[in-house]
Amino acid sequence: MQAGVLFEEGRSQAEVARILRVSRQSASRWFHVWKRQGAQGLEGAGRAGRRPRLSPEDRRRVEQALLRGPRAHGYATERWTLRRIAEVIEEVCGVRYHIGHVWHFLDRMGWRCQWTVRPQTRAGAAP
């Protein structure tokens with residue numbers, strides 16, 4: 001397991017958590033197993049929690065679909081929204097994502113959300 005290699009390199013639990021994109025609690029748990037049992041103790045650790053709903057191939061297909069842009073999927077503007085991305089995920093893979101979780105999906109792909117800044121209006125002025 002990668003965590004064992006990183007601990008052997010002298011990395012801290014916080015560094016391991018950041019590098020492997022896991023919680024500090026997971027890194028701490030792995031560290032204590034590694035200290036007691038060595039790297040062999042981590043071999044069967046696997047991944048905790050629910051299995052991903054999309055395979056690496058599914059994620060690649062979604063990324064390719066997103067790179068084609070919103071207009072390629074019938075949207076009137078070139079702006080992606082979380083709702084639109086959720087619709088594309090369902091269209092491409094048949095898996096429905098709640099829009100509240102779409103940004104986690106984007107983060108795992110290394111994508112970042114950009115927020116549109118609206119011009120401020122003075123109090124009492126029409127927008």
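Tabulated results
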read-out	value
Cβ-defined net charge surrounding residue 29, 12 Å radius [Lys, Arg +1; Asp, Glu -1]	+3
Amide H partners (placed H, <5 Å) of residue 12, local residues excluded	none
Dipole in debye (nearest 20) - the chain, about Cα centre, beta carbon charges: Lys, Arg +1; Asp, Glu -1	360 debye
Cα convex hull of segment 56-108 - mean projected area over all directions, nm²	3.3 nm²
Computed over segment 2-43: relative contact order in percent, which uses C-alpha pairs under 8 Å that are six or more apart	40 percent
Cα Rg, Dmax (largest Cα-Cα span) when computed across the chain, Å	20.5, 67
For the chain, with +1 on Lys and Arg beta carbons and -1 on Asp and Glu, the positive-most of 25, 6, 72 along the dipole	25
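Laboratory data are not the source of any read-out in this text; all were calculated from the coordinates shown. Because the structure is a prediction, the values reported are computed rather than measured. FYI the Cβ positions are ideal-geometry reconstructions off the backbone, even for glycines, and counts take in every protein chain you see.
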